Amino acid sequence: MASEQEIFEQVREVLVDALAVDEDEVSMESTLVDDLGAESIDLLDIVFQLEKKFNIKINRGELIPTEKLDDPQYVQEGKLTEAGLAMLKEALPSADLETFSQNPVIQNLAKVLAVRDLVYLVSTKLG
Amino acid sequence: MRWFWMDRYTAFESGKRAQAIKAITRSEEHLSDHFPGYPVMPIALVIEGMAQAAGVLIHQYYGFSKKIVLGKIPRLAFTDVDLVPGDILIYDIEVDYIRDEGSMVSVQVHRDGKQIAEGAIVFAHLGEEYADQPLYGAGDLDNLVRAFGVFDVGVSADGKPLADPSLTRE
């Protein structure tokens with residue numbers, strides 16, 4: 001079974017390719033949007049490349065639980081509710097939600113994603 | 001008017017692969033200026049042709065019901081860019097991933113049996129929030145798809161000829 005470091009190195013290869021960033025710019029703590037400059041279409045490219053590299057399937061909503069954002073239990077007036085934040089924490093257990101929780105507007109949701117979340121997701125898929 | 005940078009399909013397998021051709025002709029207006037005395041097809045238009053050929057392949061898979069837009073070209077390399085009138089470009093497209101939210105295809109371009117380009121294209125599939133923003137005028141898409149020969153050479157995933165939905169639409 002691949003170690004976390006080995007998975008990170010392969011995830012980093014994907015990110016260097018998909019986002020045209022230098023290898024040394026990518027750390028476990030780098031956020032995809034703010035630190036590495038990813039746009040929404042890049043997330044799709046990254047998902048496809050991760051699936052190919054690791055021979056896994058990443059379903060819609062596994063990276064960001066977008067399908068639940070229509071539920072008023074989780075989102076009200078464009079912001080995640082307490083229940084929404086709890087749902088997000090469960091869906092993305094590796095994510096650092098501290099900053100996002102202070103102003104949890106859904107437009108900023110993709111900004112919580114960091115490299116470690118990709119590594120975590122791949123690790124769980126690989127078992 | 002729309003610019004189309006592929007002429008027609010020569011193979012079309014729903015949701016899987018397609019082959020399209022583009023014959024470069026001296027009468028294409030832009031070739032007078034690109035470049036005077038030395039007409040060369042702009043590579044940007046070759047890329048557009050690749051994207052159009054691939055985009056219709058994805059579009060057909062969803063029964064032309066989704067809005068499919070070019071999102072990203074993550075990989076593309078040309079080994080020859082000297083493409084001149086008389087050349088026939090062959091676009092081979094293979095679907096790598098196709099999901100509700102987006103798709104990715106691999107594309108190869110050949111001329112005279114030799115590969116001159118290889119790359120990948122990511123398409124975004126727009127959601128319901130774009131339902132009131134049609135990409136085509138009434139009937140334009142039907143005409144385009146028919147003119148490209150989708151229903152002349154197209155087959156479904158199980159090999160049956162594709163039916164033209166505009167003929168049975170109420």
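Protection proxy ranking of B:129-135, B:72-78, B:52-58, B:11-17, by the mean of other Cβ atoms within 10 Å over each peptide's residues and highest first, is B:52-58, B:11-17, B:72-78, B:129-135.
Can you grab the distance from the C-alpha centre of the range B:104-170 to the C-alpha centre of the range A:37-76, Å, no decimals? About 25 Å separates the Cα centre of the range B:104-170 from the one of the range A:37-76. Could you tell me which of the pairs A:Lys68/A:Lys89; B:Lys16/B:Lys66; B:Lys16/B:Lys67; B:Lys16/B:Lys160; A:Lys57/B:Lys66 are separated by over 21 angstrom between their Cα atoms in the structure shown? Over 21 Å Cα-Cα: A:Lys57/B:Lys66. Charge dipole of the range A:61-127 (Cα centre as origin; +1 on each Lys and Arg Cβ, -1 on each Asp and Glu Cβ, all else neutral): 220 debye, rounded to the nearest 20.
The residues packed around A:Phe8, meaning those with a beta-carbon under 13 Å from its beta-carbon, carry a net charge of -4 if Lys and Arg are +1 and Asp and Glu are -1.
Protection proxy ranking, highest mean first, for peptides B:34-43, A:80-89, A:42-51, B:97-106: A:42-51, B:97-106, A:80-89, B:34-43, where packing is the per-residue count of other beta-carbon atoms within 10 Å, averaged. Remark: mean inter-chain Cβ contacts per residue of B:95-102 equal 4, using a 10 Å Cβ-Cβ cutoff to other protein chain atoms. Along the charge dipole of the range B:124-170, pointing to its positive end and built from +1/-1 on Cβ of Lys, Arg, Asp and Glu, which listed residue (B:His125, B:Val153, B:Leu141) has its Cα farthest out? So the residue furthest toward the plus end is B:Val153.
Among the residues of A:17-25, the average count of other protein chain beta-carbon atoms within 10 Å of the residue beta-carbon is 1.
Between 0 and 90 degrees, the angle of helix A:4-19 with respect to the longest Cα principal axis of chain A falls at about 80 degrees. Taking one quarter of the surface of the C-alpha convex hull of the range A:1-108 gives a mean projected area of 7.2 nm². Each 10 Å bin, from zero up to the one with the longest distance, holds this percent of the alpha carbon pairs of the range B:47-93: 20, 46, 25, 8.
Using the crude model of +1 on Lys and Arg Cβ and -1 on Asp and Glu Cβ, and no other charge, please compute the dipole size for chain B relative to its Cα centre, in debye to 20. The calculated dipole for chain B is roughly 200 debye.
Per residue of B:84-91, other chain Cβ atoms within 10 Å of the residue Cβ number 0 on average. With bins 5 Å wide beginning at 0, the percent of Cα pairs of chain B falling in each bin runs 2, 8, 18, 20, 20, 16, 10, 5, 2, 0, 0. Largest first, the extents of the alpha carbon coordinates of the protein assembly as shown on the three principal axes equal 62, 51, 38 Å.
Give the shape of the range B:37-134 as rounded, prolate or oblate, defined through the alpha-carbon gyration tensor: a ≥ b ≥ c are the square roots of its eigenvalues, a/c under 1.5 means rounded, and otherwise the shape is prolate if a/b is larger than b/c and oblate if not. It comes out prolate by the Cα gyration axes. Taking all protein chains together, B:Ser156, B:Ser65 sort by accessible area into B:Ser65, B:Ser156, largest first [probe 1.4 Å]. Residue-normalised convex hull volume from the C-alpha trace of the range B:104-159: 165 Å³ per residue.
The values are calculated or read from the model by the stated rules, or taken from the named source; none is laboratory data. These figures come from a predicted structure and were not determined experimentally. Glycine gets a Cβ as well: all are built from the backbone with ideal geometry, and neighbour counts include every protein chain shown. Heavy atoms of the whole protein, side chains included, go into the accessibility calculation; ligands, DNA and RNA do not. Shrake-Rupley method; radii C 1.70, N 1.55, O 1.52, S 1.80 Å.
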